[in-house]
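Following: one structure in structure tokens, then a few remarks.
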2 protein chains.
Amino acid sequence: MGQAIYPKMAVVGCGLIGSSVIRAARQAGAVGEVAVADAKPEHRARIADLGLADTVTGDIAEAVRDADLVVFAVPVLAMGEAMKAAAPALKPGVTVTDVGSVKGSVAEALQEAAPEGVFVIPGHPIAGTEQSGPDAGFPELFQNRWLILTPQERDDAPYREAVARLTAFWTALGSNVEQMDVRHHDLVLAVTSHLPHLIAYNIVGTAADLEGVTQAEVMKYSAGGFRDFTRIAASDPTMWRDVFLTNREAVLEILGRFTEDLQALSRAIRWGEGDKLFELFSRTREIRRGVIAAGQETPEPNFGRDHRQP
Amino acid sequence: MGQAIYPKMAVVGCGLIGSSVIRAARQAGAVGEVAVADAKPEHRARIADLGLADTVTGDIAEAVRDADLVVFAVPVLAMGEAMKAAAPALKPGVTVTDVGSVKGSVAEALQEAAPEGVFVIPGHPIAGTEQSGPDAGFPELFQNRWLILTPQERDDAPYREAVARLTAFWTALGSNVEQMDVRHHDLVLAVTSHLPHLIAYNIVGTAADLEGVTQAEVMKYSAGGFRDFTRIAASDPTMWRDVFLTNREAVLEILGRFTEDLQALSRAIRWGEGDKLFELFSRTREIRRGVIAAGQETPEPNFGRDHRQP
């Protein structure tokens, strides 16, 4: 294992992602002491039971005191307040990062509240599941997944060193680390994550509200495709509300493209333009091959789930 | 095993579904002799290599001669021609069924071409994967999946017996069999299968055609949600073209609902109506629980795929 990358890590918000960071960091020997701050008493009780941290508290300032790395893993709109609560207790030279799905608003909120001498390096692991809470985390979550850092525009040596250290940390947890401009991150993620969630939430809502087809029928016959959408539509409601409220412009822009394309597809169906449909349906097959080749998906049919059922 | 339910079965079109029917029926001892007709020489060669059938031919009439059960497993728009080719060779008392995803147009096409004394009982297994061809099939595909029969409106004893026999056949293959009105089937499946495929094809197409985000980025960061959609957007293009061309009205009706809901959601984002978003995102979680409780989905996070990757 060698020496820990950060002698003390504080995690603020210990749900699926926060608890996975702790599990992965401990397994990799990347941290020494671990402190957790979580607002929910029931989470704190579980975190204590699971033995995830040396300190478990509801007080953010207490958790971050003396920490070398602070990871904010709360919903995007809660980042600013959490940072304000932490600020007075941060030690000079500490690295502050986060795991939020939107980087523009978070980078701003963290930076605004940061005291002098603190290295703010926003981050985002492209990993997760549809489950929530400290029990949902696991140490392999970041294996072979991308971690995007959106460093500030400064190139003094201490900051560069802090970025290199945080990169080493995430690499130790199994991630492939990339750097990206904040605005570009928010556009790319609007496409690969935010729009898919919006569409999934929407289609599941539509299917639940029909008069000619019952909810029981929708569930019963869901293996024809619908069930795939229910997975991401089961993701944490608070987290996702915040994503759409803070990445509004990019999401609406991409949603506009999607809607245009859908209208064209609808028209092709109405007019019986089979060639257009066939052309699109052939092209999209290639994208899946690309996703599998990029190591971001299993090649097994039906995600392999059919062979695991009782 | 006891006696076969059908001494001879003919399967016309031996791709994912056709070859799975054969594998499952043989494993269950539900059939004796098996004949296959497939239009593609390369499929016929694979079917012979795999030892899936006693007879493999390109001639539909030859395959269905003396068969007690004929299963049409070709794309929906090819059903009528296949039935016409089979008709002169069908023996009296044979049961003719299919596995098409749309029942209205198929039921009509089969019935029109059916000679006197043939029992036409359209059917649809709510099962499948995104893969195609005879190598993609497997015997467990229908286990614990629904099979919908849409029998004709006739209640003479011989027809009722033929329906009971076909029900016993699919039950032996692991399916739960239900009967449904043709029009209701096409509406229910428009919701649970056709719209999800349309949306998936569309979003994958949209993501492939952006100027600000490259295809490589879309693939690389797909684990944020996008990858789920690529699975069903990798399904057979011919099959799905035919589904949209033949179930046009129901698909456009459901698509209209989806689009309305999406406009409302878009508006809620634009105006920052967090409560509306939170309410929808909480409701959709329940639907997933229902799908899992209905035995149509694995409860494992991320479909269980993350723990299976290399």
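Throughout, read-outs are computed from the coordinates displayed, never taken from laboratory work. In this text, all values refer to a predicted model and were calculated from it rather than measured experimentally. Neighbour counts are summed over all protein chains in view; Cβ atoms, including those assigned to glycine, are modelled from backbone coordinates with ideal geometry.
With labels modelled as points extended 7 Å from the Cα through the Cβ direction, what inter-label distance (nm, one decimal) is found for B:ASN176 paired with A:ASP66? For B:ASN176 paired with A:ASP66, the spin-label model returns 5.7 nm.
Remark: spin-label model distance A:LYS84-B:TRP271 equals 2.8 nm, labels positioned 7 Å along the Cα→Cβ axis. In segment B:184-272, Rg over Rh equals 1.02, where Rg is the alpha-carbon radius of gyration and Rh the Kirkwood radius from pairwise Cα distances. If you run the Gaussian network model on chain A, springs between alpha carbon atoms under 10 Å, then out of A:ALA82, A:ALA63, A:ALA157 the most flexible one is A:ALA157.
Estimate the FRET efficiency between A:GLU249 and A:GLU279 by the formula 1/(1 + (r/R0)^6), using the beta-carbon distance for r and 35 Å for R0, to the nearest 0.05. Efficiency, from the Cβ-Cβ distance: 0.65. Its residues counted as N, segment A:103-160 yields a C-alpha radius of gyration over 2.2 N^0.38 Å of 1.42. Segment A:241-310 and segment A:10-41 have Cα centres separated by 34 Å. Axis of helix B:248-270 versus longest Cα principal axis of chain B: the two differ by about 10°, to the nearest ten degrees. Once the Cα atoms are used to define both axes, helix B:195-208 deviates from the longest principal axis of chain B by about 50 degrees. Counting 0.36 nm for each residue step from B:ARG183 to B:LYS40 and taking away their Cα separation leaves a gain of 48.3 nm.
The angle separating the long axis of helix B:237-246 from the principal Cα axis of greatest extent in chain B is about 90 degrees. Peptide A:127-135 has a mean shielding of 3, counted as Cβ atoms of other protein chains within 10 Å of each residue's Cβ. Would you mind telling me which residue in A:THR206, A:THR150, A:THR284 has the biggest mean-square fluctuation in a Gaussian network model of chain A, where springs connect alpha carbons within a distance under 10 angstrom? Ranking A:THR206, A:THR150, A:THR284 by mean-square fluctuation puts A:THR284 first. Its Cα gyration tensor gives chain B an equivalent ellipsoid, and the semi-axes of that ellipsoid, as √(5λ) in whole Å with the largest first, are 38, 22, 19. Anyone know which of A:THR95, A:THR57, A:THR259 comes out most mobile in the 10 Å Cα GNM of chain A? Sorting by GNM fluctuation, first place goes to A:THR259. Against the empirical curve 2.2 N^0.38 Å, the C-alpha radius of gyration of the protein assembly as shown lands at a ratio of 1.07. Distance between the 7 Å Cα→Cβ label points at B:ARG165 and A:GLN215: 4.2 nm.
Extension gain, A:ASP49 to A:GLU33, is 4.0 nm, computed as 0.36 nm per intervening residue step minus the present C-alpha separation. For the set B:LYS40/B:LYS84; A:LYS220/B:LYS8; A:LYS103/B:LYS220; A:LYS84/B:LYS276, the pairs lying more than 24 angstrom apart at their alpha carbons are A:LYS220/B:LYS8; A:LYS84/B:LYS276. When the Cα gyration tensor is reduced to axis lengths a ≥ b ≥ c, the ratio a/c stays below 1.5 for segment B:6-180, which is therefore classed as rounded.
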